[in-house]
1. Quick one: how many residues across region 82-104 are surrounded by fewer than 22 Cβ atoms within 10 Å (Cβ to Cβ) and more than 16 Å from Leu27 (Cβ to Cβ)?
2. Filter region 107-139 down to residues that are surrounded by fewer than 18 Cβ atoms within 10 Å (Cβ to Cβ) and touching a Leu at 6+ places or on another chain (Cβ under 6 Å), then give me how many there are.
3. Of everything in region 46-93 that's free of Cβ contacts under 8 Å to residues at least 24 places away in the same chain and not charged (D, E, K, R), which residue is nearest to Glu14 (Cα to Cα)?
4. Using beta carbons and a limit of 8 Å, which pairs, at least six apart or on different chains, have the first residue in region 101-114 and closer than 15 Å to Tyr161 by Cα and the second one of a type in the set (Phe, Trp, Tyr)?
5. Can you run down the residue pairs with Cβ atoms below 6 Å, 6 or more apart or on separate chains, where the first is in region 143-169 and under 19 Å from Ser74 (Cβ atoms) and the partner is among the hydroxyl-bearing types (Ser, Thr, Tyr)?
6. For region 86-132, which positions are basic (Lys, Arg) and modelled with pLDDT of 95 or more?
7. Hey, any hits in region 60-81 for a residue that's farther than 30 Å from His142 by Cα, surrounded by fewer than 16 Cβ atoms within 10 Å (Cβ to Cβ) and of a type outside the set (A, V, I, L, M)?
8. Kindly establish whether Phe179 is in a helix (DSSP H, G or I), modelled with pLDDT under 90 and closer than 24 Å to Ile128 by Cα.
Amino acid sequence: MKDVTFLLPAYNEELSIGTLIKKIQELYQNSHIIVIDNNSTDKTASIASKLGAEVIFEKKQGKAHAIQKGFNHSDSQYVIMLDADNTYDPADASRLLELLKNDDADLVMGSRLSGDLEKGAISRTNVIGNYLLSLTARLLYHPISDVCTGYWAFRKEVVDYLLAVGIDCSGFEVEAEMFAKVSKGNFSIREIPISYKKRTDQAKLNSFSDGFKIFKTLINYKMKSLEMIFLVFTLLTALISFFDISFLRIVIV
């Protein structure tokens, strides 16, 4: 078993998938590369397969479904997940892995906004939106500068945890959901700067509708935690009241 697996969720990425796989193979010769094809209508799967990557297929449309499929097919101690559009540099994975292997973190996220951002790689609107979403995540969960990043490094324990608690969403809000759940799971989370460059084709994310879903996801999972705390508090209050009344009855008798 290879100790590092690269997961590449992909939907119509024939223009970039080959270049990305070759880079990973050159830099990490003993790694396992899994491409999760999410109903691509182009040559993504055939290109990846010819280059020696394992290609699996997820029929349920949505990035979250593709990620879950990849998690279920990985048994490595360390899992690197990055988008298949070749906007992330595989060379940065070595620094993410170093933190995992030195037991300095259970999850490492690559921050585009604090790293080397190519001009035009992220629009001004998306930068502002990402800042606001990351601020929300930071206030509700854990210090973070780029909650929407697609570059993640997991220890196997974190992958197993996410599979156990489940991933509920289907689309681009998956990063926000994973971040919220891992933050509540008593894991060590670190973030390091990475490089990020422009896509070779049009972005698939909708700035406003997907941004709202991400914000809603961050709020919803915090509310669920607060509801659980309120429920526990209510039960404890009821139990205390019950025992107080029972004690009084015993004293009176």
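1. Result for region 82-104: 5.
2. Of the residues in that region, 0 qualify.
3. Only one residue fits best here, namely Ser46.
4. Close Cβ pairs (under 8 Å, with a partner that is of a type in the set (Phe, Trp, Tyr)) amount to Asp106/Phe154; Asp106/Phe187; Leu107/Trp152; Leu107/Phe154; Leu107/Phe187.
5. That search, which allows pairs on different chains as well, returns Tyr151/Tyr88.
6. Going through region 86-132, the residues basic (Lys, Arg) turn out to be 95, 101, 112, 119, 124.
Scanning region 86-132 gives Arg95, Lys101, Arg112.
7. Restricting attention to region 60-81, the residues satisfying the condition of being farther than 30 Å from His142 by Cα are 60.
This time we only want the ones that are surrounded by fewer than 16 Cβ atoms within 10 Å (Cβ to Cβ), so: 60.
Applying the additional criterion that residues be of a type outside the set (A, V, I, L, M) yields 60.
Yes - at least one qualifying residue is present in region 60-81.
8. no
The values are calculated or read from the model by the stated rules, or taken from the named source; none is laboratory data. Note that the coordinates shown come from a computational prediction; the quantities given were computed from them, not determined experimentally. Reconstructed Cβ throughout: ideal geometry from the backbone, glycine too, with neighbour counts over all protein chains shown.
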